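The values are calculated or read from the model by the stated rules, or taken from the named source; none is laboratory data. In this text the structure is predicted, and so the values were computed from the model without any measurement. Neighbour counts are summed over all protein chains in view; Cβ atoms, including those assigned to glycine, are modelled from backbone coordinates with ideal geometry.
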Amino acid sequence: MSEDTPQEAWVKIPTPEQRAAMATDGDLYNFGFIPAMGGLIATHPKIGPHFFGLYQEIMFSPESALSRAEREMTAAVAAAAQDCFY
């Protein structure tokens, strides 16, 4: 890479193959690949697990005022508003 070539990212982002190897059986969101956000979270081993725990609490906690379907719809609408495929 020359000095004129912009660096894509300053962190090492896992390849699609590495992200696919991270997928676990039985996970509700195992689509056979790890979405880009999952790959980004995987680049931060200290922060990633905490972020994932927060996500698990928000999406799956039985103490939420929203139903699971309402939480999924909220996530889908927020993703669509950002031109993100959910």
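For this structure, a couple of remarks:
- Residue 75 of a type in the set (A, V, I, L, M, F, W, C), out of contact with any Lys or Arg (no Cβ under 7 Å at 6 or more places or on another chain), modelled with pLDDT under 75 and surrounded by 12 or more Cβ atoms within 10 Å (Cβ to Cβ): no
- When the stretch 65-86 is filtered for residues that are assigned to a loop (DSSP other than H, G, I, E, B) and either in contact with an Asp or Glu (Cβ under 8 Å, 6 or more places away or on another chain) or of a type in the set (D, E, K, R) (or both), only 83 remains.
- Test result for residue 42, of a type in the set (Gly, Ala, Ser) and either in contact with an Asp or Glu (Cβ under 8 Å, 6 or more places away or on another chain) or at pLDDT 75 or above (or both): yes
- Restricting attention to the stretch 32-58, the residues being over 13 Å from the mean Cα position of the chain (by Cα), assigned to a helix (DSSP H, G or I) and in contact (Cβ under 8 Å) with a residue 12 or more places away in the chain number 1.
- Scope the stretch 30-48; condition exposed (fewer than 11 other Cβ atoms within 10 Å of the Cβ) and either within 16 Å of residue 15 (Cα to Cα) or of a type outside the set (A, V, I, L, M) (or both); matching residues: 31, 32, 45, 46
- Considering only residues in the stretch 1-29 that are polar (S, T, N, Q) and modelled with pLDDT of 70 or more, the one that is surrounded by the fewest Cβ atoms within 10 Å (Cβ to Cβ) turns out to be 24.
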